[in-house]
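Working notes, structure below.
The values are calculated or read from the model by the stated rules, or taken from the named source; none is laboratory data. Values in this document were obtained by computation on a predicted structure and should not be read as measured data. Quick reminder, even Gly has a Cβ in these numbers, built from the backbone with ideal geometry, and neighbours come from all protein chains shown. Calculation scope for accessible area: heavy atoms of the full protein, side chains included, ligands and nucleic acids excluded. Shrake-Rupley method; radii C 1.70, N 1.55, O 1.52, S 1.80 Å.
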Number of protein chains: 4
Amino acid sequence: MTQYAHIQQRAYDANMQLPKLGLVLFTFGNVSAADRTLGVFAIKPSGVPYEDLSPEKMVIVDFDGKTVAGSLRPSSDTLTHAVLYKHWENIGGIVHTHSTYATAWAQAQRDIPIYGTTHADHNTVDIPCAPPMSNEMIQGDYEYQTGFQIMDYLEKKGMNYEEVEMVLVGNHAPFTWGKTAEKAVYNSAVVEEIARMAYLTEQIRPQVPRLQDSLIRKHFERKHGPHSYYGQ
Amino acid sequence: MTQYAHIQQRAYDANMQLPKLGLVLFTFGNVSAADRTLGVFAIKPSGVPYEDLSPEKMVIVDFDGKTVAGSLRPSSDTLTHAVLYKHWENIGGIVHTHSTYATAWAQAQRDIPIYGTTHADHNTVDIPCAPPMSNEMIQGDYEYQTGFQIMDYLEKKGMNYEEVEMVLVGNHAPFTWGKTAEKAVYNSAVVEEIARMAYLTEQIRPQVPRLQDSLIRKHFERKHGPHSYYGQ
Amino acid sequence: MTQYAHIQQRAYDANMQLPKLGLVLFTFGNVSAADRTLGVFAIKPSGVPYEDLSPEKMVIVDFDGKTVAGSLRPSSDTLTHAVLYKHWENIGGIVHTHSTYATAWAQAQRDIPIYGTTHADHNTVDIPCAPPMSNEMIQGDYEYQTGFQIMDYLEKKGMNYEEVEMVLVGNHAPFTWGKTAEKAVYNSAVVEEIARMAYLTEQIRPQVPRLQDSLIRKHFERKHGPHSYYGQ
Amino acid sequence: MTQYAHIQQRAYDANMQLPKLGLVLFTFGNVSAADRTLGVFAIKPSGVPYEDLSPEKMVIVDFDGKTVAGSLRPSSDTLTHAVLYKHWENIGGIVHTHSTYATAWAQAQRDIPIYGTTHADHNTVDIPCAPPMSNEMIQGDYEYQTGFQIMDYLEKKGMNYEEVEMVLVGNHAPFTWGKTAEKAVYNSAVVEEIARMAYLTEQIRPQVPRLQDSLIRKHFERKHGPHSYYGQ
């Protein structure tokens, strides 16, 4: 098991952030951390309370969803993680939560409109909400198809997974990802806060306009791209 | 008192979870834990602050609502617990809270519509809200009648208490149950979160449709039934 | 100062409950505790952060609002407390906060409708919201007049201060009272929670009916009056 | 670096208050503290998590925005701070956050109407929301122009920065200031709470009137001006 200890530790640390950030009730969430060289990821075991987790309990799974090491059953969402790792070569971590506000938008089956710079600091577009899956996809290999539903919707919208690192799945909840599991956790807190602010914004002013293009671009470029000047 | 120590401990532990989960203000809630062999349950004493509770203070009551052991007066909702234990043979724990969002739905006298998979992971139906009781039932043996109001409404809706483990009582608040007191507490946190998400969903999109049948079935079967694959 | 130590301690303890219950931001609240025999009350000094308070810092004031002991200036709301103590002979504690939801109802200048049993456990009537004061009252001895505004509105509504222990002052915020400072603090947490639930209830169902009379009476009598059976 | 230690300490202490007051997620906020004699201010380094901050990490910047001391890059909002210090001679601290409710009002591009005494205790006017900046301002020296946008809007509204110590920038978020960094932090918590209460007030009563003039003046004068009687 020694060769997987680094991603088990990373997955464990990232999973433990979810309750601290207020993003999960009970076990309603999971994080995975991948090692591209080994071609596997470590993921939370299914239904185990956060307080009972330890690094060694993280299950090792390959990018086809086959368990490679670990005695526990992996998260029931494991196949969704596997599909995304397999097709998106530059991600190293994935998070799924049922965080309250982001899930409410997913249940409303609406993209989250870009209303301010908090949103633009992270995305230049509305946060996409993939439509609920078809009956065929659901009755088939559901979690596997969830991964394709996410990828197909981003492609349809012309979005790149390296630029847009968060999505809602209609009627379900958010998925986020990033170069590392830590970044994916960060994104899951960001989508929750953006979802909350957008909800409040529409309550305060129902027909509020979206953010103007120049401000979208400015804020995103402050944090990202060749001329970014945010951070150290 | 020794023969009741196990359910007193169980009831105590479960009661202490309510403030930790943010489900109660002051003493606005109570949990009981039953022993089917002994034909009794242990329940929180009435109006005692959570910080003053101890296992020995849990009152022992039989399924007709008669106090069998304990020097304190049992919860004012004891008769509701007794009726449910008497008629539903396979439950081992009951919880009553006035948690904020679930209570708001009860006050609105509305079933909580099934809008997403967080809901479907636990129920295949809208969470039922029993109508407010008639004047006759209220003026009679109120808490006793509350139990019948709950049972009658589930029966009218064609619901089985082993499948649907949570209900709202119109104008009042939620009741939940389960095979154990722990599971009943879990359900009381679940109904609060589902209530909160459903409220937000309707705010974000007023005429939002309910979840499609295939997704309801899929998510419920992931967690329950012969082919479940959630948990260990 | 020794003869006031008991009410200083009581006022101090009660004041320290406000931040713990999430009812105050910074110094936006105050509690007083009276000794009817001595004809005085102890009240929080004005603008002193809760973490800097100590029992000895509580200022002793008589029922005409004159400072009797203490080197600090008493709360700017002291005259309101004094007027209520002077006219309502059976109260021993008063609380004023700007708690979020109760204050929002006060700003909306609306009584809080009785929508459920959580409300009925404490009041048989809508929680009264006294109208904003006249320009004359405001430009005169404002805090003194606030006390009369509260008393006048209760009288106009035919309410008894021993039955209704909480009020909103329009455009301002809640005041609560009780036989002891502890009970008054309890009431200030109750009015905040009732305000929050009523707000959510109206959001979930805009034209929701008020609670039926039989249920109002039942729940109030469970907790209060000669046949009460709540608590020990 | 010794000569800047006092403002570094002050800026550090003030920055650490933001997460405690629930005003920031991750690094979404910054505080600066100025020394008028030295003509510089200490400000949070950009993108450094609060738990990794220390007084020595605060960057020293002059009122033209030039870094004078410190090895880290200052907050990306540094130029906005510099402009305000340069033009407003009597302020000693500035805070910028993306606190949830204040940011939602900024995204709605609305002034926060004065609905109650909590608001009037701090401002006699609606809390101003400067309109989103023009494309030219955004594409130019954005953070520098943000400072001018704030100043121009206050001037247009006939407001004095020594009386109105908080503003929303449309589509962006709140800025607050004060004689000290501590006071500016206090103001950032106040604007968040006022924003939350105003939102709830409008939900509870959509066409609610603003506060009457006599009450506005009374509450403000209780806390401010020659006849104030709040505090010690």
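Rounded to the nearest 20 debye, the dipole size of region B:5-224 about its Cα centre is 420 debye, using +1 on the Cβ of Lys and Arg and -1 on the Cβ of Asp and Glu.
Neighbours of residue C:103, meaning other residues whose beta-carbon lies under 15 angstrom from its beta-carbon, give a summed charge of -4 when Lys and Arg score +1 and Asp and Glu score -1.
Ellipsoid semi-axes for region D:5-224, based on the Cα gyration tensor and the rule √(5λ), read 29, 18, 17 Å when sorted largest first.
How far, in degrees from 0 to 90, does helix A:142-156 lean away from the longest principal axis of the Cα atoms of chain A, to the nearest 10? Approximately 30 degrees, to the nearest 10.
Relative to the current alpha-carbon distance between residue B:212 and residue B:6, full extension at 0.36 nm per residue lengthens the span by 69.8 nm. Put a plus charge on the Cβ of each Lys and Arg, a minus charge on the Cβ of each Asp and Glu, and nothing anywhere else: the dipole of region A:3-123 about its Cα centre is then about 100 debye. Partner lysines whose Cα lies under 28 Å from the Cα of residue B:66, excluding those fewer than 8 positions away in the same chain, are identified as B:44, B:57, B:86, B:179, B:183, C:218, C:223. Here residue D:223 yields copy-to-copy label distances, from shortest upward, of 3.2, 3.2, 4.5 nm, the label point defined as 7 Å from Cα along Cα to C-beta. For chain D, the longest principal axis of the Cα atoms and the long axis of helix D:78-87 meet at an angle of about 70 degrees. Between helix A:213-223 and chain A, what is the angle of the helix's C-alpha long axis to the longest principal axis, kept within 0 to 90° and rounded to the nearest 10? Roughly 40 degrees, rounded to the nearest 10.
Rounded, prolate or oblate: which one fits the protein assembly as shown, using the alpha carbon gyration tensor with axes a ≥ b ≥ c (rounded when a/c is under 1.5, else prolate when a/b beats b/c, else oblate)? Oblate is the answer for the protein assembly as shown, as a/c is 1.5 or above yet b/c matches or exceeds a/b. The alpha carbon centroids of region C:177-222 and region D:118-176 are separated by 40 Å.
Per-residue ellipticity at 222 nm, computed for the protein assembly as shown from helices alone with -39500 (n - 2.57) per DSSP H run of at least four residues, works out to -12500 deg cm²/dmol.
Sparsely packed loop sites in region D:153-232 (the chymotrypsin sites (Phe, Trp or Tyr not before Pro) outside DSSP H, G, I, E and B with at most 13 other Cβ atoms within 10 Å) comprise D:229.
Taking a straight Cα-Cα cut-off under 15 Å and skipping sequence neighbours fewer than 8 places away in the same chain, the aspartates and glutamates within cross-link reach of residue B:157 are B:111, B:126, B:165. Accessible surface of the protein assembly as shown, 1.4 Å probe: 48 percent of it comes from carbon and sulfur atoms. Heavy atoms of chains D and C lose about 3100 Å² of accessible surface on contact, summed over both sides with a 1.4 Å probe.
Other residues lying with their Cβ under 15 Å from the Cβ of residue A:59 contribute a combined charge of -2, Lys and Arg counting +1, Asp and Glu -1.
Net charge dipole, region C:76-144: roughly 100 debye, given to the nearest 20, about the Cα centre with Cβ charges of +1 for Lys and Arg and -1 for Asp and Glu.
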